[in-house]
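What follows is one structure encoded as structure tokens, with my remarks underneath.
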Amino acid sequence: MLTQSKRINIAGVEVSPDHYIGGKRVSSASTFQVISPIDESVMGEVAAGGQAEIDLAVQAAKEAFPAWAALGPSGRAPYLKKLADVIEAHLEELAIVETTNNGSLLEASRLRVMKRGAMNIRFFAEWAETLKGESWEANGVQYSVHYDPSGVSGLITPWNAPFMLSTWKVGPALAAGNTVVIKPPEWAPFTCSLLADFAEEAGLPAGVLNVVQGIGEDAGAALTAHPDVTRISFTGSEETGKIIGKAAADRIVPVSLELGGKSPLIVFADCDFAAALRTALGQYDNAGQVCLAGTRILVEESIAKDFIEGMKTGAKELVLGDPRKPETHVGPLITREHLERVQGFVERARAAGAEVAYGGGVSSALGGLYFEPTLFINVPEDAEILQREVFGPVLTLQTFKTEEEAIALANHTDYGLAATIFTGDEERANRVGAAVTAGTVWVNTFFARDLSAPFGGAKNSGIGREGGNWSFEFFCDVKTLAKRSGSFQ
Ligand code: ADP
């Protein structure tokens with residue numbers, strides 16, 4: 001391992017291509033190339049970590065753990081709040097680096113997503129300060145519940161929202177008193193490298209936050225198999241989730257898996273039609289590369305014709321193009337490999353007899369990785385496109401006649417991440433909300449995610465919940481202290 005490489009200039013921001021281990025930048029003999037989806041240009045070569053780098057990083061995190069844990073929540077909070085402040089001072093740089101690296105919309109990043117990153121850190125630091133386990137007496141024994149730090153957390157994140165998702169894991173893990181090793185996504189590692197710079201600027205002790213870049217099967221697998229990692233939190237695909245779940249099972253390590261989705265967006269005839277339509281068209285955000293996206297639109301038959309017309313008209317107004325431009329609604333797909341995967345789903349859906357209402361291919365004007373917003377209607381019941389996660393700007397629309405039919409269609413999936421219901425009838429919202437299997441159900445709204453709420457997936461969408469207390473129940477060793485009452489002088 002070498003010591004340090006030259007920083008890469010990304011849209012005017014200097015970003016280190018190296019790992020961050022024990023408070024130092026560390027490079028590797030081998031590297032991997034990172035491409036910008038905007039124009040498929042090479043952004044740079046990034047250090048490719050493997051077993052050796054993971055060993056170093058876990059060792060650094062293990063050494064930093066006792067002192068960090070001993071600080072207690074109120075001793076750690078000033079560091080974390082400072083980290084949130086530093087992130088807030090760099091929102092513009094973060095946004096442009098993320099957009100150049102993964103093609104997400106710059107405006108959304110600047111105005112919302114990156115701020116949410118700072119909020120994730122601050123929120124969990126504050127929550128930890130007020131976190132109190134219950135206490136009670138039973139049968140002459142005084143019980144109390146304590147949230148102990150658990151050691152080194154391994155955090156593995158995906159490319160669609162890499163900065164936001166790293167902070168969503170880093171915030172509670174560090175606030176809980178753990179130290180962390182983050183393995184960012186190989187397709188979009190750069191904002192996580194900036195997070196390491198910010199941790200240093202905020203004065204986090206060396207070894208508390210470490211970043212090892214690398215390919216999932218190398219660095220990621222080494223992290224999940226490491227004997228000194230006491231928690232694994234993963235967001236990504238179902239296939240990788242299964243592999244990581246097995247690695248965790250081998251060592252009996254608690255694992256949190258937030259995986260894919262094929263979420264229903266149920267539109268009843270009595271709803272606010274314009275709001276439902278706007279939300280349906282909003283599913284093309286981030287070019288559909290969103291695990292929570294409501295990709296299966298289910299519309300009550302009596303309004304289906306108008307809804308499809310509304311989708312057609314609305315889709316024509318969506319601007320596909322450079323995600324750096326404020327007028328753009330839909331940016332590129334992340335890589336050529338991913339584009340081909342999305343094309344494969346579209347071709348198979350067509351071959352199965354599904355009808356393309358609009359879209360269906362790469363934009364003839366833009367080429368590159370710019371895939372048109374696409375809608376399939378009249379989809380055969382057993383078509384793959386209704387079951388598998390595409391992770392692209394591809395929606396399906398099915399119709400239903402009754403509430404029971406809507407519920408049956410909504411639940412006809414192996415996933416259970418989220419569901420959205422549009423209706424003007426609150427009792428119906430409660431009934432359908434209760435009957436749908438999903439980690440989160442939104443009614444007449446979409447994407448509302450308060451950080452105190454539990455978040456995670458049912459069925460194949462994952463294991464575990466994070467958010468509020470749920471994050472601490474995962475990252476901590478929850479302990480019961482039972483003292484015999486009256487046994488002290
Ligand atoms: P996607 O590419 O769809 O986001 P992946 O599940 O492939 O989903 O990737 C999510 C994260 O998991 C990435 O950081 C990737 O490097 C990592 N990863 C991939 N394979 C493994 C593996 N076998 N072990 C650990 N991490 C992995």
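Couple of notes before you dig in:
- When you filter the trypsin sites (Lys or Arg not before Pro) in the range 115-175 for DSSP loop state and at most 16 other Cβ atoms inside 10 Å of their Cβ, you are left with LYS132.
- Rg and Dmax [Cα atoms of the range 228-333; Å; Rg one decimal, Dmax integer]: 18.9, 58
- Surface composition of the range 21-144: carbon and sulfur atoms hold 54% of the protein heavy-atom accessible area at a 1.4 Å probe.
- Amide H contacts under 5 Å for GLN142, placed H, 5+ residues apart: LYS483, ARG484, SER485
- For the chain, the dipole from Cβ point charges (+1 on Lys and Arg, -1 on Asp and Glu) about the Cα centre works out to 1020 debye, to the nearest 20.
- In sequence order, the range 232-237 has phi-based couplings of 10, 10, 10, 10, x, 7 Hz under the Karplus curve 6.51 cos²θ - 1.76 cosθ + 1.60, θ = phi - 60°, and Gly or Pro positions carry x.
- GLU40/TYR143 FRET efficiency (R0 60 Å; Cβ-Cβ; nearest 0.05): 0.50
- Estimated D of the range 370-489 in µm² per second, where Rh is the Kirkwood radius over Cα pairs and Stokes-Einstein applies at 25 °C, 0.890 mPa s: 140
- Only DSSP H runs of four or more residues enter the estimate; each adds -39500 (n - 2.57), and after division by the residues of the chain the mean residue ellipticity at 222 nm equals -11500 deg cm²/dmol.
- Portion, in percent, of the accessible area of the range 203-289 that falls on carbon or sulfur, probe 1.4 Å: 61
- Acute angle (nearest 10 degrees) that the helix 91-102 long axis makes with the longest principal axis of the chain, alpha-carbon atoms: 60
- Whether the chain is rounded, prolate or oblate, judged on the alpha carbon gyration tensor where a/c under 1.5 counts as rounded: oblate
- From the largest down, the range 38-139 spans 68, 38, 27 angstrom on the principal axes of its Cα atoms.
- Across the range 141-154, rounded Karplus estimates of 3J(HN,Hα) from the backbone phi angles (6.51 cos²θ - 1.76 cosθ + 1.60, θ = phi - 60°) give 10, 8, 9, 9, 10, 10, 9, 8, x, 10, x, 9, 9, x Hz, Gly and Pro being marked x.
- Listed residue pairs exceeding 25 Å between alpha carbons, taken from LYS82/LYS479; LYS81/LYS169; LYS62/LYS483: LYS82/LYS479; LYS62/LYS483
- For VAL443, the amide hydrogen comes within under 5 Å of the amide hydrogens of ILE421, counting only partners 5 or more places away or on other chains and with H modelled in the peptide plane.
- Degrees, to the nearest 10: 51-70 long Cα axis against longest axis of the chain: 60
- Note on GLU309 and GLU384: the extension gain reaches 24.5 nm, defined as 0.36 nm multiplied by sequence separation minus the Cα-Cα distance.
- C-alpha long axis of helix 336-351 to longest principal axis of the chain, angle in °: 40
- The region of the chain that goes longest without hitting one of the GluC sites (Glu not before Pro) in a DSSP loop, each with at most 12 other Cβ atoms within 10 Å, is 135-326.
- Over 31 Å between alpha carbons, listed pairs LYS24/LYS115; LYS262/LYS325; LYS183/LYS262: none
- With protein chains left intact and a 1.4 Å probe, residues in the chain average 40 Å² of accessible area per residue.
- Converting phi to 3J(HN,Hα) with the Karplus coefficients 6.51, -1.76 and 1.60 and the offset θ = phi - 60°, the range 432-442 yields 5, x, 6, 7, 8, 8, 6, x, 9, 10, 9 Hz in sequence order, with x at every glycine or proline.
- Cα gyration tensor shape for the range 290-335, rounded if a/c is under 1.5, else prolate or oblate: oblate
The values are calculated or read from the model by the stated rules, or taken from the named source; none is laboratory data. Note that this is a predicted model, so its numbers are computed, not measured. All Cβ positions, even for glycine, are placed from backbone atoms using ideal geometry, and neighbour counts span all protein chains on display. To get the accessible areas, we keep the full protein, side chains included, count just its heavy atoms, and leave off ligands, DNA and RNA. Shrake-Rupley method; radii C 1.70, N 1.55, O 1.52, S 1.80 Å.
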